[in-house]
Amino acid sequence: MAEVLSLVEAQLRTALGEPDARAAMTFVGTDRVEVLRFLDPGDRESEGDSAGSGGVGSGGAVVRYATLGMSARPMADPTVVVPDPARGPRAELILSVRAGLADTDKVLRPLAVLAASPQVEGLVVTAGASLEVGEPLWPGAPFSSVLVAESGGLVPDLELAAPLDPVRFLPLLPMTANEAAWKRAKGAQALQERWLAHGTDLRDPLRGSVALD
């Protein structure tokens, strides 16, 4: 576990630079989960949490929150009686928002809760899934759920020695209540296409719901 997390943190640092803050949380019956914060002074092109997943943006600093600890163990199907301790999907979560517009540092605990959900609830988190927090992601946020996007854009997948599966760094795209309901009815791809068609800035922590009619 320690070796995997050391490699994961090195991958995050290579892609995002040095974190300027970090917090650690432990929940009953789970391993410790950390959330690292990275500050990017400007936009990057064609990254997994923006254009590659349906959003656009221009200029301005971006703060990124990345979990560290979710990938220590493989995610297992809850119906499996004896899960494989080595094989199975591994992932960490990344949320990117524009800096200075809202108190987004309060998202640290919700992110840690989501990262612990495979151990607590037996979830297998994959691209296209919806994750519900049950409360605003940060004070005043119009979002209480996120859409899990495809990995490989912002932070490349991390290959591990066999038989371990690679670690995938999954961007999280905040959804309003209306968007989450529309996604349940129409699917993840339809919602991402709607965001792209309307030029939605998915990193705007104050944005409203995209037009869904």
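Compactness of the stretch 115-213 is given as radius of gyration and Dmax, 14.7, 48 Å, from Cα positions. Rolling a 1.4 angstrom probe over the protein heavy atoms with all chains in place gives the chain an accessible area of 46 Å² per residue. Please check: in the Gaussian network model of the chain (C-alpha springs, under 10 Å), which one of A116, A61, A91 has the largest mean-square fluctuation. Highest fluctuation among the options: A61. Full extension of the segment from T14 to A211, taken as 0.36 nm per residue of separation minus the current Cα-Cα distance, would add 67.2 nm. FRET efficiency for the A23 to V82 pair, using the beta carbon distance and R₀ = 30 Å, is estimated at 0.35.
In the chain, helices alone account for a calculated mean residue ellipticity at 222 nm of -7000 deg cm²/dmol, with every DSSP H run of four or more residues adding -39,500 (n - 2.57). Dividing the radius of gyration of the alpha carbons in the chain by their Kirkwood radius gives 0.94 for Rg/Rh.
With both residues required to sit in the chain, DSSP beta bridges show an antiparallel share near 80%.
The values are calculated or read from the model by the stated rules, or taken from the named source; none is laboratory data. Everything numeric here is computed off the predicted structure, so don't read it as measured data. Cβ atoms come from the backbone with ideal geometry, glycine included; neighbour counts cover every protein chain shown. Side chains included, ligands, DNA and RNA excluded: accessible areas come from the protein's heavy atoms. Shrake-Rupley method; radii C 1.70, N 1.55, O 1.52, S 1.80 Å.
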